[in-house]
C-alpha cells in the first residue's frame, strides 16, 4: 500500500531521520513511537511532503509520492496535525467542506455529492450536530474531530496523524482513536504516538524510532518490551498484559531508586509477592538480578518475568531436579549479595533457605520489612530453619535504606 | 442553513451595491457647489451612454455646460478613483489578513506603504515631484519584492518570516523617509500632505491606472477558496492540496500591485485596509469568496463617503485624516466588544 524505503530527511541540510524503511498494508494502523527528538514527527513530515527528503523514496500504490501533484496527493493522503489554530470563525461544515478542495476545479461549485461526503464524514466523527457552529466556539476535542472529518472528506487512502490526540483528555483520546481505528480496511493509518499505552491499544503494528532510525518494528507485544523501553527511552518499566484486550500495558517505574548500586549482582529469594517490589527497584537501579526458586504461580515470578529477570522456577509440588538445583547454586555463587525476604516457609521452599549454606551466608541479607515475618509451615514448626542463618550473624534489615546500605558494603568487599 | 446563508449573502451584497450607487450619484452632486441631479443626469441617459461608447461628444446632452464640466471633468474621475482606491485597499487588507491569519494585518504590513512613501518623497525632494505616482508605485511594489526576496530561503517564505521582514523593511524605509523629510526644506509640506493621503489632484489618468484594481480584485476573488484554506495555516493548506508557495507569491503580487496602485493615486490612506475587512468579516463571516467582494464594495463606499465629506464640507482636508479619525475609535469599539464576548 504505502512503502517507505531508505528515507532520509532533515532541516538545513542535516539529516534528522536516516534510512527509514517500512511498509504499511492496506487498512493497517501503524503507530510510530520513540523518545523526544527521535524523529517521529520529522518522519511524518517527510512522508507528507512538508519536508523535502534527501534520500530514499516513499511509494503509494507503487507510485513515487514525489510524482504526485499537490492536489492529487491531497486526494490520496490526508493529515491530522496535533493542533490546528483557528483564527477565523468558519463553521464546522465550512471546515469539513475544505476537505473537498482537492477534488474541485477552480470555479466548480460544491455539488450534492460533496455535501453527501461532508455529511457522512461529520457523522462518522460525531460532529454533525455541530455543523453550523463556529469552530472557534467548540471544545478542543470537538475541534479535533472536525479536523478528522475534514481529513475523511478528502477520501484518503492514507491517513497520517501527528500526535493527533496529545492535547486532549483521556476520554477524547480514546474516542478519537477508536474512530480512526474503525475507519476500516480502505484507509491505511499511520500515527505518531506519545502515549505508549494508547499506541499499544490501537495500533496493529508499531515502529520504534530512536536517534532518527528505526530500532524495532512489530506487533505492540514485540516492540513494547522491557529491553526496548530501557534501551531507547532509558526507563525501567513494567510491561503487563491488559487483561481486557490482551495488549501490552506499560507502567514506568520511578519510585526511589538508589543511584550507586549499578552493576551489582544480586540474587533474590522470595515468594508470595515479598520480592516483587524489590525487583522493580533494583532493576531500575541497574543491578543484575536473578531470582528463585519460585513457582510459576507466584506473583514474584510474574514480576521477574515482566522485568526480564532470569528466574529459577519449578512447578508447585514438583520435585527439584539436579539441573535446577545446579542452576540455582550457580546464581547464588555468582551473586555479590543474596537477599532473603521474610515469608512463609513450607516444605516447598525450605530448600531455598537451606541452599544458603556455608560461605554463601557471608553474602546474605535478611530483608524483613515492617509487617512481614517468617512463618514456619514445615513439620518442625519452630523456625529452626533460621537458626544457622542467625548464628552466621547475617545482617537483618527492615527498611529499604538499610537494605541498600547492606548491599553496598557487600559489593565493596 | 446553506440556503439561508446564501440568501443573506446575496442581500448583503445587493444592499452594498445599492448603497454604493446611491453614494456615487450623491457624491457627483455634492461639493463646494452643489449640482442638482437634473443637471448631470440627462433625460436621454441611454443616448448619452451610446454616444460615450462610440466615442462621440456628450456635451450636447447637458443644458448647463459649467455643471457638465464640474461633474464630468472634475468630480467623476475623483469619485471613481475614491471607489477604486477604497476597494483596492480593502481587498489587499483582506488578502493580508487571510495570509497572516490575523485580522489585525493591513495592506501596508509588508512594507508597501513605507516603500511608496519613500518613492514619493524621493521625487519630491530630488525631482520636484516629477512622475510622483510612478515613483510611489515602484517604491511600493519594490519594497514588497524586497521583503519577499529577503524572507525566502530554499524556495520557501514562511509567513512569520515575511511578517518580521516586512516590519524591518518598513522601519528601514521610514528612517530614509525621515531623513528625506529632514532635508526636504521647502518641499516638506508636500511630503507631509502626500503622507496623509488624499484625492484632491486626481485626474482621468489616475482612473485608467486605477482600473488595475478591479482586475486584480477579480483575480483575488478567483483565489478566494485557496485563501480560505491558507487561512487555516500553511501546513494544513499543503495537506489539503494548495500549492502554498506558488499561491503566496501570486497573492503577494496581486495585493501589493493593488496597494501600490492605490498608494500612487491617493498616498498612504490609513485604516481602510485594516478596518473594512475586519468589520465585513463580522457581518458575512470569514469565507473569502464573499468577504472579498463585500469588503471591496464597503471599502469603496467608505473612502467615497469620507472623500465627499472632506471635499464638500471640510475644505479639502486630506482624506486620510478622516479615515483614521473615524476608523480608530470604531476599531477600539470593536475591540472592546470582542473583549466582552
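Quick notes on this structure:
- Calculated over the protein assembly as shown, the projected area of the Cα convex hull averaged across directions stands at 45.4 nm².
- The angle between the Cα long axis of helix A:170-181 and the longest principal axis of the Cα atoms of chain A comes to about 60 degrees, rounded to the nearest 10.
- For B:54, B:66, A:288, order by how many other beta-carbon atoms lie within 10 Å, fewest first: B:54, B:66, A:288
- Sorted fewest first by neighbouring Cβ atoms within 10 angstrom, B:317, B:104 come out as B:104, B:317.
- In range of the label at residue B:72: residues from region B:1-45 whose backbone nitrogen is under 13 Å from the point 7 Å along Cα→Cβ: B:39-45
- Angle in degrees between helix A:140-153 and the longest Cα principal axis of chain A, rounded to the nearest 10: 60 degrees
- The modelled label-to-label distance for the pair residue B:104/residue A:302, using points 7 Å beyond Cα in the direction of Cβ, is 5.8 nm.
- Whole-Å distance, taken between Cα centres, linking region A:27-41 and region B:122-190: 47 Å
- Cβ crowding within 10 Å averaged over residues, with B:272-280, A:261-269, A:176-184, A:120-128 ranked highest first: B:272-280, A:261-269, A:120-128, A:176-184
- Label-point gap, in nm, between residue A:361 and residue B:33 - each point 7 angstrom along Cα→Cβ: 13.0 nm
- Sequence-separation-based contact order of chain B, relative, with Cα cut under 8 Å and 6+ spacing, percent: 28 percent
- Global geometry of region A:1-90, whether rounded, prolate or oblate, following the gyration tensor of its Cα atoms and the 1.5 cut on a/c: rounded
- Per-residue shielding of B:93-106, expressed as the average number of other chain Cβ atoms within 10 Å of the residue Cβ, stands at 1.
- Between region A:258-272 and region B:301-341, the alpha-carbon center distance in angstrom: 79 Å
- Averaged over the residues of A:87-93, the number of partner chain Cβ atoms lying within 10 Å of the residue Cβ comes to 6.
- Ranked by how many other beta carbons lie within 10 Å on average, peptides A:61-67, A:188-194, B:164-170 from highest: A:188-194, B:164-170, A:61-67
- Rounded to the nearest 500, the helix-only mean residue ellipticity at 222 nm of chain A stands at -8500 deg cm²/dmol, with each DSSP H run of n ≥ 4 adding -39,500 (n - 2.57).
- Shown is the FRET efficiency for residue A:61 and residue A:253, computed with R0 = 41 Å from the Cβ-Cβ distance and rounded to the nearest 0.05: 0.40.
- Cα shape, region A:265-412, gyration tensor, a/c 1.5 rule: rounded
- Mean residue ellipticity, 222 nm, helices only, chain B: the sum of -39500 (n - 2.57) across DSSP H runs of n ≥ 4, divided by residue count and rounded to 500, is -24500 deg cm²/dmol.
- Inter-chain Cβ neighbour count for A:125-136, averaged per residue, equals 1 (cutoff 10 Å, partner chain atoms only).
- R0 of 56 Å, Cβ-Cβ distance residue A:379-residue A:178: FRET efficiency to nearest 0.05: 0.45
- DSSP beta bridges in the protein assembly as shown [antiparallel fraction, %, rounded to 5]: 45 percent
- Taking a ≥ b ≥ c as the square roots of the eigenvalues of the Cα gyration tensor, chain B is oblate, since a/c reaches 1.5 or more and a/b is not larger than b/c.
- Taking Cα atoms only, the orientation of helix A:322-334 departs from the longest principal axis of chain A by about 90 degrees.
- The coefficient of translational diffusion for region A:2-251, derived via Stokes-Einstein from the alpha carbon Kirkwood radius under 25 °C and 0.890 mPa s, stands at 131 µm²/s.
FYI, it's all coordinate maths here, none of it is from the lab. Predicted model only: the values in this text are computed from it and were never measured. Cβ atoms come from the backbone with ideal geometry, glycine included; neighbour counts cover every protein chain shown.
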